[in-house]
Every structure is written in C-alpha cells, then in structure tokens.
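Before any comments, here is the structure.
The values are calculated or read from the model by the stated rules, or taken from the named source; none is laboratory data. Treat the numbers as computed from the prediction; the structure is a model and nothing was measured. Heads up, the Cβs are rebuilt from the backbone with ideal geometry, glycines too, and the neighbour counts pull from every protein chain shown. We work out accessible area using only protein heavy atoms, side chains counted, and drop any ligands, DNA or RNA first. Shrake-Rupley method; radii C 1.70, N 1.55, O 1.52, S 1.80 Å.
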Amino acid sequence: MKKNIAIVGAGFSGAVIANQLAHAGYTVDVFETRPHVAGNCHSERDAETGVMLHVYGPHIFHTDNERAWEFVNRFSEFKPYVNRVKAITNDRVYTLPINLLTINQFFGKTFRPAEAAEFLTSLGDKTIENPLTFEDQALRFVGRELYEAFFKTYTIKQWGLSPSELPASILKRLPVRFNYDDNYFNHKYQGMPADGYTTLVEKMFEVPGITVHLSTPFDPASKADYEHVFYAGPIDAWFGHSEGRLPYRTLDFEVFRDKGDYQGNAVVNYCDNAEPYTRITEHKHFSPWEQHEGTIMYKEYSRQCEENDIPYYPIRLARDKEQLERYVNIARNEPNVTFVGRLGTYRYLDMDVTIHEALNTADKFLACASEKSQMPAFVVDPLA
Ligand SMILES: Cc1cc2nc3c(=O)[nH]c(=O)nc-3n(C[C@H](O)[C@H](O)[C@H](O)COP(=O)(O)OP(=O)(O)OC[C@H]3O[C@@H](n4cnc5c(N)ncnc54)[C@H](O)[C@@H]3O)c2cc1C
C-alpha cells in the first residue's frame with residue numbers, strides 16, 4: 001500500500017500545501033533536513049539578548065495579495081511594521097529607495113517633486129536609446145553620480161557581477177520616488193508575525209493527518225513509497241545534479257551583540273567599497289513593539305554558493321536559464337512529483353508569492369484528483 005503524500009521541505013511552500021491537503025483528508029508526511037520548520041524564514045529568540053532573530057536573514061511580510069494575507073492571518077497576529085532602509089555611501093547617510101530626500105541631500109538641493117524629476121531627466125544619458133543592461137538603464141534614468149553612489153558597487157558586492165552583465169529589467173523594479181515616501185515596499189499590507197515566523201508555520205502543521213519529520217532529508221528513491229511528492233528542495237539536487245549545479249549566491253552572517261541601540265534602524269546598506277559587507281541588520285528593530293536591553297546584529301556578506309553552502313539567491317542569467325530548462329524538461333517526464341517553491345523552481349520568490357503559489361498548487365492537486373487527471377510537475381512555469 002502506498003502512503004498518501006510526501007512533502008519535502010517544511011518552509012512556507014511545504015507548510016501551506018500540507019495544511020491544505022490535510023484539511024482535504026489526505027495523510028501527509030513532511031520531511032525537513034533542518035532541525036526546525038519555516039525554511040529560510042525561521043526565527044527564534046536569541047538566548048543572550050532575548051531578541052527575535054531572523055536566523056537566515058531578515059524577513060518582512062509585504063503583499064497586495066488578499067488571499068495570501070488572509071491565509072497567514074489565520075495563524076498569527078501581524079504587528080504593523082514599515083521597512084525604512086538607510087544607505088551609507090561616501091561617508092554620508094541617505095534614505096532608500098531613492099526619493100526626494102535622497103536627491104535633495106545628495107545634490108545639496110531643495111527641489112520640489114517636478115523640479116527633481118526634471119533634474120534627473122537632465123542627468124540621464126540620452127545617447128542610450130535602448131538600454132539592455134542594468135548599467136545602461138541606470139545611466140539613462142538616474143545618471144552616473146546616483147548610479148555609482150547607490151547601485152554600482154552594491155550590485156557588485158551582492159551579485160559578484162558588474163551591472164553591465166545584468167539585464168535592464170532589474171532596475172525597472174527599483175523605484176525612484178519624487179516625494180518623501182521612504183517606505184521601502186509599495187504594498188497594501190506589511191507586517192511582522194507577533195511571535196515570529198516559526199511559530200506561525202508550526203501552526204500550519206497543526207492539522208490531524210500531518211506528521212513532520214525534522215532533521216530527516218528525503219531521498220528521491222523514497223518517492224516510490226508515496227502516491228505523490230511535493231518537492232520544495234533544489235531541483236538540481238533531485239536529479240543528482242546530472243545537468244550540473246545551478247548557480248546561487250549564498251550569504252555569510254557575521255553576528256555581533258551590543259547594548260542599547262546599535263544603529264537606530266533595522267537595515268543599513270553599505271553601498272560603496274569602504275566596507276566589504278552589503279548591509280548591517282539590527283534584529284530588535286524588526287520587532288519594535290518589544291523592549292530588550294541587549295541587541296544583536298548581522299553583518300551580511302554575499303558570495304558564490306559552493307557545494308555545502310545554503311543556496312539563497314538564484315542567479316538566473318541567460319546561461320543559467322538554459323541549464324534550468326534542461327532540468328525542467330527532465331522534470332516534466334517525472335511522474336507523481338510536483339516541484340514547488342523557490343528552490344524547486346529556481347526563482348526568487350517573496351513569502352506572499354510563495355504562499356499564493358502553494359495555495360494554487362494544493363487547489364490544482366485537489367482538482368486533478370477529482371477529475372482523475374495527472375498532476376503536473378509544475379503549477380507555475382519556472383522558465384517564464
Ligand atoms: C536573505 C533573504 C531574505 C528574504 N527576505 C524576504 C522578505 O523580507 N520578504 C519576503 O516576502 N521574502 C523574503 N525572502 C524570500 C523567502 O525566504 C522565501 O519566499 C521563502 O523562504 C520560500 O519558501 P520555500 O518553502 O519555497 O523555501 P525554503 O524556505 O527555502 O524551504 C525549503 C526547505 O526545504 C528543505 N529541504 C531541501 N531539500 C530537502 C531534502 N532533500 N529533504 C528534506 N528537506 C529539504 C530546506 O532545508 C528548507 O528548509 C528572503 C529570502 C532570502 C534568501
């Protein structure tokens with residue numbers, strides 16, 4: 001007798017699918033390599049300071065997606081939180097994303113919105129008619145000074161690549177605001193789970209029929225024991241890296257503690273080469289409703305992901321997508337496995353997108369079961 005469902009990975013992808021299928025009456029075994037649930041969103045109290053620590057880097061929930069927002073609110077109270085990022089470049093502190101205050105401080109001006117917009121247009125390089133790279137796009141829209149101060153070195157530190165090697169589409173996602181709004185995210189809902197992400201995800205697993213096996217890696221050979229497997233691990237690992245390793249960036253966190261308030265803000269980016277790290281995050285500021293005497297910080301360094309590192313950011317240059325395509329083609333012929341989440345589809349996904357896609361995946365599985373049709377390997381095309 002085959003068992004019902006195996007879910008590989010106890011992050012948001014696995015937790016949402018497990019929750020939905022258990023409510024629909026399925027028995028679900030969840031396998032997780034790590035000793036905790038919540039994947040990269042895992043948070044726990046720092047033993048020394050009592051601060052809620054975002055163990056794999058800071059996570060802020062922000063969304064316009066009503067379904068994802070309604071869903072997470074079933075499992076946790078969300079406290080209001082607005083992300084306001086500061087940036088240090090050339091020994092001065094600015095506010096991000098680039099807004100009227102950034103422009104006025106940087107150029108020593110007192111522009112009103114229309115004047116600032118006109119000024120930036122005058123700085124843009126009009127000889128670049130059809131920007132193909134991030135660098136071209138930045139030079140065309142914000143000019144060389146802002147590009148070099150805020151984007152160029154930071155991008156090299158973060159991606160190990162020059163902006164001239166990255167697609168122009170990246171900058172289209174970075175807004176320039178001609179007002180004083182420095183709320184980093186432009187979404188209707190933004191907040192933090194009151195007791196951290198791990199408590200929230202644990203609640204998702206509290207449905208009869210779900211068994212979570214922590215510290216238990218799932219071997220693809222065990223697939224035969226189950227009617228269907230949802231796999232939120234790295235797609236290349238499922239196939240034994242037969243097409244080579246998909247490239248990722250990984251992060252190193254240098255942890256240090258202090259008393260009181262170290263930097264006065266949750267996130268400070270270091271945009272120039274004066275420091276080798278990309279940012280310092282001070283975790284007590286992610287829970288502004290709590291009081292702690294001590295404080296804990298991460299200095300964040302980005303580098304190429306090697307075999308035993310945690311894969312954080314998929315790189316997805318054109319050549320990486322060709323490699324991904326080979327995996328996707330093999331996966332499409334793998335029956336009874338659905339590849340989900342950021343690692344299973346090799347895409348950067350925010351939590352709300354992850355949750356929304358996982359809800360759709362569970363819906364699709366239930367629809368396929370009632371129509372007696374084959375559940376596809378992907379509910380979202382990883383190549384799109
Ligand atoms: C540094 C960083 C900051 C981020 N900040 C934000 C933010 O501010 N806001 C936001 O919305 N999103 C943020 N994200 C994105 C967020 O982390 C993802 O949306 C989310 O983690 C995706 O969930 P997932 O379940 O798909 O993957 P994961 O959380 O990675 O979970 C996958 C799990 O699968 C497990 N696994 C893998 N292989 C196996 C195996 N063979 N057997 C058993 N278990 C296995 C892994 O151990 C892991 O726990 C950030 C991401 C990063 C990298």
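Computed values, structure above
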quantity: Failed criterion for residue 139 (all others in (1) over 29 Å from the mean Cα position of the chain (by Cα); (2) modelled with pLDDT under 95 hold); calculated: (1)
quantity: Unmet criterion (only one of (1) within 15 Å of the ligand (Cβ to nearest atom); (2) modelled with pLDDT of 95 or more) for residue 208; calculated: (1)
quantity: First in region 296-314 and farther than 19 Å from residue 346 by Cβ, second anywhere and aliphatic (A, V, I, L, M) and not in a strand (DSSP E or B), Cβ under 9 Å, 6 or more apart; calculated: 296/51
quantity: Residues of region 15-60 that turn out to be within 6 Å of the ligand (Cβ to nearest atom) and surrounded by 23 or more Cβ atoms within 10 Å (Cβ to Cβ), as a count; calculated: 4
quantity: Filter pass, residue 177 being away from the ligand (no atom under 14 Å from the Cβ), among the basic types (Lys, Arg) and open to solvent by 50 Å² or more (accessible area, probe 1.4 Å); calculated: no
quantity: Residue within region 347-366 that is in a loop (DSSP other than H, G, I, E, B), more than 8 Å from the ligand (Cβ to nearest atom), on the phi > 0 side of the Ramachandran plot and open to solvent by less than 50 Å² (accessible area, probe 1.4 Å) present; calculated: no
quantity: Scan of region 94-108 for residues that are closer than 19 Å to residue 171 by Cβ, assigned to a helix (DSSP H, G or I) and either open to solvent by 40 Å² or more (accessible area, probe 1.4 Å) or among the hydroxyl-bearing types (Ser, Thr, Tyr) (or both), ordered by number; calculated: 102, 106
quantity: Check on residue 99, within 24 Å of the chain's Cα centre (by Cα) and farther than 30 Å from residue 304 by Cα; calculated: yes
quantity: Subset of region 46-74 that is of a type in the set (Val, Ile, Thr) and assigned to a loop (DSSP other than H, G, I, E, B) - its residue that is farthest from residue 357 (Cα to Cα); calculated: 49
quantity: Test for residue 265: is it modelled with pLDDT of 95 or more, more than 30 Å from residue 193 (Cβ to Cβ) and over 18 Å from the mean Cα position of the chain (by Cα); calculated: no
quantity: Enumeration of residues in region 190-226 that are more than 22 Å from residue 25 (Cα to Cα), in a strand (DSSP E or B) and not hydrophobic (A, V, I, L, M, F, W, C); calculated: 190, 191, 193
quantity: Flag if residue 338 is in a strand (DSSP E or B) and within 16 Å of the ligand (Cβ to nearest atom); calculated: yes
quantity: From 249, 257, 326, 303, residue being within 16 Å of the ligand (Cβ to nearest atom), open to solvent by 50 Å² or more (accessible area, probe 1.4 Å) and of a type in the set (Lys, Arg); calculated: 303
quantity: Residue in region 44-63 that is out of contact with any Asp or Glu (no Cβ under 9 Å at 6 or more places or on another chain) and of a type in the set (Val, Ile, Thr) present; calculated: yes
quantity: Filter pass, residue 201 being over 26 Å from residue 86 (Cβ atoms), open to solvent by less than 30 Å² (accessible area, probe 1.4 Å) and not hydroxyl-bearing (Ser, Thr, Tyr); calculated: yes
